[in-house]
Amino acid sequence: MDLSRRRFLQAAVLTAAAAGATAACGGGTGESGSKDSKNLKFWYWAGGLSDKVVADAEKQFSDVSLKTSVIGGDFKTKLLTGMKTAQTAPDITGIKGEDIASFLPNAGRFLDLNSLGMDKLAPEYLSWKLKQATTQDGKLIGFPIDIGPCAMYYREDLFAKAGLPTDPAKVSSELSTWDAYFEAGVELHKAVPKTFLVNNIGAVFSMAVGQGTSRYIDADNKFIGDQDHIRTAWTTAVKPYTLGIDAKINDNTWNAAIGNGTLGTEIGAAWHALDISNAAPGTKGKWRVASLPSGPSNLGGSFLCLPSTCANPEKAFEIIKWILSPENQARGFTDAALFPTAPAAYELPALTGGDAFFGGQKTIEIFGPAAEKIPAAYEAPADAAVSAAYFNELTNVEAKGKDPETAWKDAVSQAKQIAQRQGVK
């Protein structure tokens, strides 16, 4: 079974914990060497961009030879290997959202896009997303491809059985807090005993952390994963477990659970709609989308970057600016479920139409406002590695019945150790 994009992100967190988020970024800045400015190498991964838009870019910029490669396997590792010399490095490359923070300490390996004109384009793109690819001294190394504004997906038919509101606007209003959402989950499970509210509590924790302006490490490289904002996210995540409305799915049974009604809701990013529709095509028309309880959060979203060895920076920037224009981002949404980082795209037909899988609902009315209100939070290079300790311990609560308070203490202790190994104070 193919892994969903959500599971790829979860796997990336665990991989970062094992390997260290910054370790692979060491080394030189790439050897200099003459490169042909008429031949530009372009690397990305399957699903990272619209293949149709990329193909059109090859035609649009016929004055250069744009050699595109869809790289399989561990993209970050292959990119770091390729960037060891100018001759093997791509001229344009994607960087996944979960990896961008780990590249910032070595920002000199990439061109500052502001120097190429991105500073003038910046108002057209989401400022919080641009911040993720910006160094503390103001260098921007990534042009944002997409984002993952989050929402609550729910089964309208199951909500109706439980006497819960079914209209998206009413659901958004009446289930506007985590506690109200969990209370609805209790009612849902009582009315339809086989149905649970959440697939696992790690998903709730991820959303709750993303709703804040601080994460595990602050801008002074100090560990803050034991402070109230993370503790509150932990307490929120544990509630559905203690209330008996957690399906405890941490394996490959998710697809079946979506299709057979085990899950009455899903909290996830805009791209998660594709996971749901692919997993349970027979439920078409039964799902709806409401706002995420307690405010917007983001999950995922990547960037296009120009290595410092780029043979033709001006032309390369012109290419990525064209690929990521609002019009082409709208095409990316249609072709690859890539939610745009340019709000102007939210007004285009590709996003404003009704979605048949969601009963004809215009889901942009939920995702668009959420995208523009996602809080900006500093994400440290070691953030992914440190966060893994919390997810591991939440899984121990679900799978082994570990006491949540003991699990919290162990998560903080392990996170501190990981942070120290990563050079965090």
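Got a number for residues in segment 293-324 being open to solvent by 20 Å² or more (accessible area, probe 1.4 Å) and over 28 Å from S214 (Cβ atoms)? Residues flagged as open to solvent by 20 Å² or more (accessible area, probe 1.4 Å) and over 28 Å from S214 (Cβ atoms) within segment 293-324 amount to 10. When we screen T68, T22 for residues that are modelled with pLDDT of 95 or more and among the polar types (S, T, N, Q), the only hit is T68. Does E379 satisfy the condition of being in a loop (DSSP other than H, G, I, E, B), acidic (D, E) and within 17 Å of the chain's Cα centre (by Cα)? Considered against the rule, which asks whether it is in a loop (DSSP other than H, G, I, E, B), acidic (D, E) and within 17 Å of the chain's Cα centre (by Cα), E379 comes out as yes.
Among the residues of segment 210-230, just one is among the aliphatic types (A, V, I, L, M), closer than 15 Å to V412 by Cβ and open to solvent by 10 Å² or more (accessible area, probe 1.4 Å), namely I224.
Scanning segment 325-337 for residues that are open to solvent by less than 20 Å² (accessible area, probe 1.4 Å) and β-branched (V, I, T) turns up nothing. Going through segment 318-327 one residue at a time, which ones are in contact with a Phe, Trp or Tyr (Cβ under 8 Å, 6 or more places away or on another chain) and part of a helix (DSSP H, G or I)? Those that are in contact with a Phe, Trp or Tyr (Cβ under 8 Å, 6 or more places away or on another chain) and part of a helix (DSSP H, G or I): E318, I319, I320, K321, W322. Listed by first and then second residue, the pairs with beta-carbon distance under 6 Å, at least 6 apart or on different chains, first residue in segment 335-349 and closer than 10 Å to I147 by Cα, second part of a strand (DSSP E or B), are F339/I147; T341/P144; T341/I147. Scan segment 328-363 for residues that are touching a Leu at 6+ places or on another chain (Cβ under 9 Å) and outside any helix (DSSP H, G or I) and report the count. Total satisfying the criteria: 8. Of all the criteria given as (1) out of contact with any Leu (no Cβ under 9 Å at 6 or more places or on another chain); (2) assigned to a helix (DSSP H, G or I); (3) not β-branched (V, I, T), the one not satisfied by G423 is (2). In segment 388-404 there is at least one residue that is out of contact with any helix residue (DSSP H, G or I) (no Cβ under 8 Å at 6 or more places or on another chain) and either in a helix (DSSP H, G or I) or not assigned by TED's automatic domain parsing to the domain that holds K248 (or both).
Scanning segment 131-142 for residues that are open to solvent by 20 Å² or more (accessible area, probe 1.4 Å) and within 26 Å of Y346 (Cβ to Cβ) yields K131, Q132, T134. Please enumerate the residues belonging to segment 351-371 that are aliphatic (A, V, I, L, M) and open to solvent by 40 Å² or more (accessible area, probe 1.4 Å). If the condition is that a residue be aliphatic (A, V, I, L, M) and open to solvent by 40 Å² or more (accessible area, probe 1.4 Å), then A356 is the only one that fits.
Put simply, of A269, A233, A290 the only residue that is open to solvent by less than 10 Å² (accessible area, probe 1.4 Å), closer than 24 Å to P149 by Cβ and free of Cβ contacts under 8 Å to residues at least 60 places away in the same chain is A233. Of everything in segment 377-407 that is farther than 21 Å from A419 by Cα and touching a residue at least 40 places away in the same chain (Cβ under 8 Å), the residue that is most open to solvent (accessible area, probe 1.4 Å) is A399. Counting only residues that are crowded, with 22+ Cβ neighbours inside 10 Å and more than 18 Å from E398 (Cα to Cα), segment 179-206 holds 3 of them. Filtering segment 147-193 to residues that are of a type in the set (V, I, T), touching a Ser or Thr at 6+ places or on another chain (Cβ under 9 Å) and part of a helix (DSSP H, G or I) leaves only V171. Looking only at segment 237-252, how many residues end up being open to solvent by less than 20 Å² (accessible area, probe 1.4 Å) and assigned to a helix (DSSP H, G or I)? Counting residues in segment 237-252 that are open to solvent by less than 20 Å² (accessible area, probe 1.4 Å) and assigned to a helix (DSSP H, G or I) gives 3.
Open to solvent by less than 30 Å² (accessible area, probe 1.4 Å) and within 29 Å of F223 (Cα to Cα): is that true of I374 in this structure? The answer is yes for I374. Of the helices (runs of 4 or more DSSP H) that lie entirely inside segment 72-146, those containing 3 or more residues that are at pLDDT 95 or above and under 19 Å from the mean Cα position of the chain (by Cα) span 127-132.
The values are calculated or read from the model by the stated rules, or taken from the named source; none is laboratory data. Every value quoted in this text rests on a predicted model; they were computed, and no experiment measured them. So basically every Cβ, Gly included, is an ideal-geometry build from the backbone, and we count neighbours across all protein chains shown. We work out accessible area using only protein heavy atoms, side chains counted, and drop any ligands, DNA or RNA first. Shrake-Rupley method; radii C 1.70, N 1.55, O 1.52, S 1.80 Å.
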